[in-house]
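**Q** Have a look at the structure that comes next, please.
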Amino acid sequence: MTISRKDDRNLKVGNLILAIWLATVPTAITYGALSLHGINICNSLTNKLEIESKSQVKELCNKASWDTTKSYIILIGFFITLPTWLWFYLSVKKKKTSTIKEAKD
């Protein structure tokens, strides 16, 4: 026995909201880790340069690193949220389907 279209839609939307809410922490952690990685690369690069304008290079590198990390935030959130949503949706749908089946028997 399957669930109705309305219940299925409600499951999808509700689980999507829950998945987005729960994915904020791992997304923030990933964003922070990528930001620190970019800063470390810039520091390493600046230390290896033997020019007078190290501060300018470091400033440009840090700006480029932050801009790159910011440009990936939506993609990071998507790839963390999607499996979470699918897992919630499938598990709740399976539970609802088995409950409807037991009620019929």
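The values are calculated or read from the model by the stated rules, or taken from the named source; none is laboratory data. Nothing here was measured: the structure is a model prediction, and the numbers come from that model. We place every Cβ from the backbone using ideal geometry, glycine too, and count neighbours over all the protein chains shown. Remember, those area values only see protein heavy atoms, side chains included, never the ligands or the DNA or RNA. Shrake-Rupley method; radii C 1.70, N 1.55, O 1.52, S 1.80 Å.
**Q** Say the cut-off is 28 Å between C-alpha atoms; which of LYS70/LYS93; LYS12/LYS63; LYS70/LYS94; LYS6/LYS104; LYS70/LYS95; LYS70/LYS96 go over it?
**A** LYS70/LYS93; LYS12/LYS63; LYS70/LYS94; LYS70/LYS95; LYS70/LYS96
**Q** How many nm is it between the label spots at LEU36 and GLU50, if each spot is 7 Å from the Cα in line with the beta carbon?
**A** Between LEU36 and GLU50, the label points sit 3.3 nm apart.
**Q** Give me the percent of the accessible area of the stretch 5-105 that comes from carbon and sulfur atoms, probe 1.4 Å, all protein chains in place. Mind dumping the intermediate values first?
**A** Numbers: 5130 of 7790 Å².
Heavy-atom surface of the stretch 5-105 belonging to carbon and sulfur, 1.4 Å probe: 66 percent.
**Q** Using the Karplus equation 6.51 cos²θ - 1.76 cosθ + 1.60 (θ = phi - 60°), what ³J(HN,Hα) coupling, rounded to whole Hz, does each residue of the stretch 22-32 give in order, writing x for Gly and Pro?
**A** After applying 6.51 cos²θ - 1.76 cosθ + 1.60, I find 6, 7, 5, 5, x, 5, 5, 5, 5, 4, x Hz.
**Q** Can you give me the accessible area per residue for the chain, using a 1.4 Å probe, in Å²?
**A** For the chain, the solvent-accessible area averages 77 Å² per residue.
**Q** Taking amide H positions as placed in the peptide plane 1.01 Å from N, state which residues far from ILE3 in sequence (5 or more) or on other chains have amide H under 5 Å from it.
**A** none
**Q** Computed over the Cα atoms, what is the radius of gyration of the chain divided by 2.2 N^0.38 Å, N being its residue count?
**A** Numbers: Rg = 22.7 Å, N = 105, 2.2 N^0.38 = 12.9 Å.
Rg over 2.2 N^0.38 Å, computed on Cα atoms: 1.76.
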